[in-house]
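Written below as structure tokens is the structure these notes are about.
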Amino acid sequence: MINARHRVAASIAGLALLVGGTGGAIAQQKELRIAYQPNPIQDTSIEMMEKWGAKNNIKIVKVPNSYGVYVEKMTASLTSGSDQYDVIWHNDDWGQLWAHLVEPMDDVAGLKYADPWSNDPVIFNNKDGKITVVPMGQTIGALFYRTDLIKPAQLPKTWAELVALSKKLQAEKKVKYGYVGAMAMNTTWFSFFWSMWNNNCDVLLPLFERSNAVLAKNDWKAGLDQPCMRQVAEFWWDALHKDKIVPPGMPSYGRNEANAVFTAGDAAITVADTTYWGEFNNPAKSKAAGKVAIAGFPSGPMSTKPSVVWNEIWGWAIPKSIPAERKALAKKMLSAMMEDKEGQIALWKKTGVPPPNKDLWAEIAKTDPNMREMQKYYLDNPNKVHSAFYFEKWPAVHKAYSDALVKAVTGKREDIPKALAEGAVNVHNAAK
Amino acid sequence: MSWRNALRNSFGEQQRFMLLLIAPAVTLLVLFQAVPIFIGGSASFRDWMLTNPKKTWVGLAQYISVLTDPAFLEIVLPNTFLFMFASVTISLAFGMALALALNRPFRAQKVVQTILLLPLMVAPVIAAIMMRWMFNDQFGIVNVVLETLGGEPRAWLVDRWSAFAIIVLTDCWLWIPWFALLLLAGLQSLPKSPFEAAAIDGTTPWRVFRHLTVPMLRPVIIVCIVIRSIDAFRTFDIVWALTGGGPARQTELFSIYAYETAFVFLDFGKGSAAAITGGLIILVVGLLLYRILDHVRKVSL
């Protein structure tokens, strides 16, 4: 009996030592918890963090989150003052949504390499004028075309040329549709938005303005009842019903459907995120593989500048509510990521996403023709617009806009002005 | 007096044991049902944006905002009731037909029953994604079949009524087996003698169905209709995955409206008010439906 008691006591003591010892070891290694959405861009960016962590004896804990609930979950985490994450995925859409909840980053040394356009204060600065993000990579919506069907000299510069080229290719039975692009909510960029911005048009007025103060001063006036927007709706209505240069189901298409048509070889031109460049050129996934290049957007009749494009970022932010020591550590890591040349070039090669360190763009372009095209049409293009609006009502405004345009292009052509006028009221009400 | 003494004085030993047994279930119910409903109820009277949770008390303002929203009154509620009516009616009709067919012994009956139950095992969101691709205008099997038969391919999800019909079809596909299963159980529990008497009298199958089967099966049918109607009212996943409420809100149901308000626009105040408004509506509709059907049953006895 005594022996049994001794054995139990010895076991407990041993277990306590083991736990204490392990706890001590764990306490010695600091850790940073990263909240992210599994995706090649974020995975590659986190690889740079892990490399830095291995060098500095910092454990990087990856916490994957579903895209479908990411904003809700992270917003709840930020507003509750939780310290469960040290670094979180951030992007331009949420720039002002979270500006008061995330840490200023102006003291991150590596930020000097960031692109000033996509780190625009209007998107990411807090009310004290301090930037709240470190970029992870540039996200761009680009026009992709089939090089086996369209020669560079034939690339459409106007909507009329796009229609003519599409009709010609379809008549010659070279392709089923001239163009395909996502149109349903939340993929408006790949049809309505690019055409709108390339026809001197915008969701809210003044044109291309993103300062909330200016938009509020203009009473959140919507641009839907402007003649330029009517031309946008009529262009897509004709493309769907008269010219038939796009699939008839396009108003219900998200990314998956539009990309499926393009990779099946059924469309000559598409607009999609540049992150799909790799997929479009992957022979295992695309019949168009090896025959896909990028170009600028065709302009509408009221356009005053050629090919208006957008170039935003995905980035990383640090919640305000975490302890100062972890904030400092996270900033060191993000700064090191900005200076990790090898890791950033790997990001470009793996994903087709231009790295956040803009100094590397020219270096990559020396050997990579794709980067040269990207610079020519997008990165170095002076005609840029920010691809969203940056206030808390933007999701509701975007939905009201999308509903109005989808209603316009799926109804009767003569009802387009009515649909847009109703949409203008809905957008204004959603914004104010 | 300590709470233990108070508990001892108020309840006997057997009652205390029973309370102990139900305590885990009550705890779970309070934590995961009562508390969220209370928080949701509180949110519905407040200005509560997830991004800026001021939680200022605004009284009935959120409810007024929902009930005066033309989209809620002119699109969302009519769509929801139409969906509820169409889905329950079609599922009941086909479920009854299947139950009657399965109620007769035939070879491989068990195999057929198992196959018919398969849709019940498919997650609604998966069924919806499958349907979305089946009705895709470029790659969908439906258009392929239509073209083979000489028809014109269609953009099914672009038109309001065809998109709505696909949503109803998907819901019916998922729920017909449920109706069939319950109605079959009801059929098998009916007494044999009235049917034997009808057979001796040479009554036609239709008259047997109308005057014997349906009246005797009414309690089961009522329960099926009430439960399924309440469930259909709050349908979310198949609509979200199939159309997202589109094109241009034309297939938006109540649950999509509440979800988007709360979780896309991050307006917890209005979203909670919409959810509670819907809850109250379905409570009234459920009670009314039960009373009407119960009245029909009593009259027909």
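For the reader, a short list of remarks on this structure follows.
- Radius 14 Å from Cβ of A:T147, net charge of other residues (Lys, Arg +1; Asp, Glu -1): +3
- Region A:392-423 versus region B:202-277: alpha-carbon centroid distance in Å: 28
- Compared with the alpha-carbon gap, the fully stretched path from A:V61 to A:F208 is longer by 48.9 nm at 0.36 nm per residue.
- Among the trypsin sites (Lys or Arg not before Pro) in region A:62-151, those placed in a DSSP loop whose Cβ has at most 14 other Cβ atoms within 10 Å are A:K127.
- Taking amide H positions as modeled 1.01 Å from N, with prolines and chain starts lacking one, no residue 5 or more places away or on another chain lies under 5 Å from B:N52.
- Cut-off under 5 Å, modelled amide H: who pairs with A:I269 long-range: A:Y179, A:V180
- Backbone phi angles across region A:113-128, fed through the Karplus curve with coefficients 6.51, -1.76 and 1.60 (θ = phi - 60°), yield HN-Hα couplings of 8, 6, 6, x, 4, 7, 9, 3, x, 5, 8, 10, 7, 7, 5, 8 Hz in residue order; Gly and Pro are listed as x.
- Taking the helices alone, chain B has a mean residue ellipticity at 222 nm of -21500 deg cm²/dmol, built from -39,500 (n - 2.57) per DSSP H run of at least 4 residues and averaged over all its residues.
- Distance between the 7 Å Cα→Cβ label points at B:Q33 and A:E161: 6.6 nm.
- Nearest-0.05 FRET efficiency for B:S42 and B:S2, computed from C-beta distance (R0 30 Å): 0.35
- Here the spin labels are modelled as points 7 Å beyond Cα on the Cα-Cβ line, and at A:A324 and B:M18 they lie 6.1 nm apart.
- Neighbours of A:T410 by Cβ distance under 12 Å: Lys/Arg scored +1, Asp/Glu scored -1, total +2.
- The mean number of Cβ atoms from other chains found within 10 Å of a Cβ in peptide A:97-104 is 1, as a whole number.
- Using the Cβ-Cβ distance between B:A97 and B:E152 with R0 = 25 Å, the FRET efficiency computed as 1/(1 + (r/R0)^6) comes to roughly 0.20.
- At a Cβ-Cβ separation cutoff of 4.7 angstrom, cysteine residues of the protein assembly as shown with no neighbouring cysteine are B:C172, B:C224.
- Charge context of B:W178, other residues only, Cβ under 15 angstrom, K/R +1, D/E -1: -1
- Oblate is the label for the protein assembly as shown, because the ratio a/c of its alpha-carbon gyration tensor axes (a ≥ b ≥ c) is 1.5 or higher and a/b is not greater than b/c.
- Building the convex hull from the alpha-carbon atoms of region B:234-301 and averaging its projection over directions returns 5.7 nm².
- Per residue of peptide A:393-400, the mean number of Cβ atoms on other chains within 10 Å of the residue Cβ is 4.
- Amide H within-cut-off set for A:V61, under 5 Å, with H built and near neighbours excluded: A:L32, A:R33, A:I34
- Listed cross-link partners A:K305/A:K366; A:K167/A:K242; A:K221/A:K393; A:K30/A:K327; A:K30/A:K358 are compared with a 21 Å cut-off, the Cα-Cα value being larger for A:K305/A:K366; A:K30/A:K358.
- Shape category assigned to region B:62-300 from the gyration tensor of Cα positions, a/c cut at 1.5: oblate
- DSSP-loop chymotrypsin sites (Phe, Trp or Tyr not before Pro) across region B:122-224, with at most 16 other Cβ within 10 angstrom: B:F139
- From the alpha carbon centroid of region A:59-113 to that of region B:59-112 is 41 Å.
- Distance between modelled label sites at B:A197 and B:H211, nm, 7 Å Cα→Cβ extension: 1.1
- Modelled FRET efficiency - R0 41 Å, A:D380 with A:R413, Cβ distances, 0.05 increments: 0.60
- Evaluating 6.51 cos²θ - 1.76 cosθ + 1.60 at θ = phi - 60° for every residue in region A:372-382, the Karplus couplings come out as 4, 5, 4, 5, 4, 8, 10, 5, 9, 6, x Hz, glycine and proline recorded as x.
- For the peptide A:73-86, the mean number of other protein chain Cβ atoms found within 10 angstrom of a residue's Cβ is 1.
- ³J(HN,Hα), Karplus 6.51/-1.76/1.60, whole Hz, each residue of region B:233-239, x for Gly, Pro: 4, 9, 4, 10, 4, 5, 5
- Within straight-line cross-link reach of A:K341, aspartates and glutamates at Cα separation under 20 Å, skipping those fewer than 8 residues along the same chain: A:D43, A:E47, A:E50, A:D115, A:D359, A:E363, A:D368
Rule-based calculations on the coordinates, nothing more; no lab input. Predicted model only: the values in this text are computed from it and were never measured. Neighbour counts are summed over all protein chains in view; Cβ atoms, including those assigned to glycine, are modelled from backbone coordinates with ideal geometry.
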